[in-house]
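Q: The structure's right below; bear with me while I get my questions together.
What follows is calculated from the coordinates using simple rules that are stated; it is not laboratory data. All figures in this text were calculated on a predicted structure; none of them were measured in a lab. Here Cβ is always computed from backbone atoms with ideal geometry, including for glycine, and neighbour counts include all displayed protein chains.
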Amino acid sequence: MVGVWLADEFEAYLRSGVGRGFKTKEEVASAVFMPWLPVDLAPLFWLRLVGDAEGGAEFRAAWFTAVDMWFERMAAPHTPKKPAVARKAVELFNAFVGAKFTYEELFPQPPKPEAKKPEAVKPGRGG
């Protein structure tokens, strides 16, 4: 199963920390540009790598968010639709470049609106 082997090798590459030597945003971002991944093997590759056969887009979105935070200390807001895939991307990004991001740091949950408390009715004054 070539797709499984590719996923294992890619994960080993990301975990190797080789990205620590990369100096530009483009170099780190290009790590997830995979022209070598045949389209027909992609579902098996992503299933093995992140546990979701359709996780490629979410993995890349999370990776690019981490890249922006690493180089620019800010990123466009993104709420992952597949949190488990995004968590795996953050884990592998951290290993690749030596970062220590947490999922919550990169993808903060929007504050929940506070429920309005009913105002107490003040007793009327008799006159």
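Q: Lys/Arg Cβ at +1, Asp/Glu Cβ at -1, dipole of the range 2-106 taken about the Cα centre: which of W46, P80, A95 is farthest positive-ward?
A: A95
Q: State, as an integer percentage, the relative contact order of the chain based on alpha-carbon contacts under 8 Å between residues 6 or more apart.
A: Result for the chain is 29 percent.
Q: Which net charge results for the neighbourhood of Y103, defined as the other residues with beta-carbon distances under 11 angstrom from its beta-carbon, given Lys and Arg at +1 and Asp and Glu at -1?
A: -1
Q: A further question on this structure: Using the Karplus curve 6.51 cos²θ - 1.76 cosθ + 1.60 with θ = phi - 60°, work out ³J(HN,Hα) for each residue of the range 100-105 in order, rounded to whole Hz, and write x for Gly and Pro.
A: In residue order, the calculated couplings are 9, 5, 10, 4, 5, 5 Hz.
Q: For a test of understanding, tell me how many lysine pairs in the range 1-123 have Cα atoms under 26 Å apart, given they are 8 or more places apart or on different chains.
A: 12
Q: Taking Kirkwood radius over Cα pairs in Å straight from the coordinates, which label in [x] 16.5; [y] 15.1; [z] 17.1 is the correct one?
A: [x]
Q: Take each uninterrupted DSSP H stretch in the chain, measure its Cα extent along the helix axis, and return the ones at 20 Å or beyond whose mean Kyte-Doolittle hydropathy is at least -1.0.
A: Correct list, ordered by number: 56-72, 83-97.
Q: Read phi for every residue in the range 22-36 and hand back ³J(HN,Hα) as whole Hz from Karplus 6.51 cos²θ - 1.76 cosθ + 1.60, θ = phi - 60°, with x for Gly and Pro.
A: 6, 9, 10, 4, 5, 4, 5, 5, 5, 4, 9, 8, 10, x, 7
Q: Follow-up question, since we're still on this one. Could you work out [θ]222 nm for the chain from helices alone, using -39500 (n - 2.57) per DSSP H run of at least four and dividing by all its residues? Round to the nearest 500 deg cm²/dmol.
A: Computed ellipticity for the chain at 222 nm equals -15000 deg cm²/dmol.
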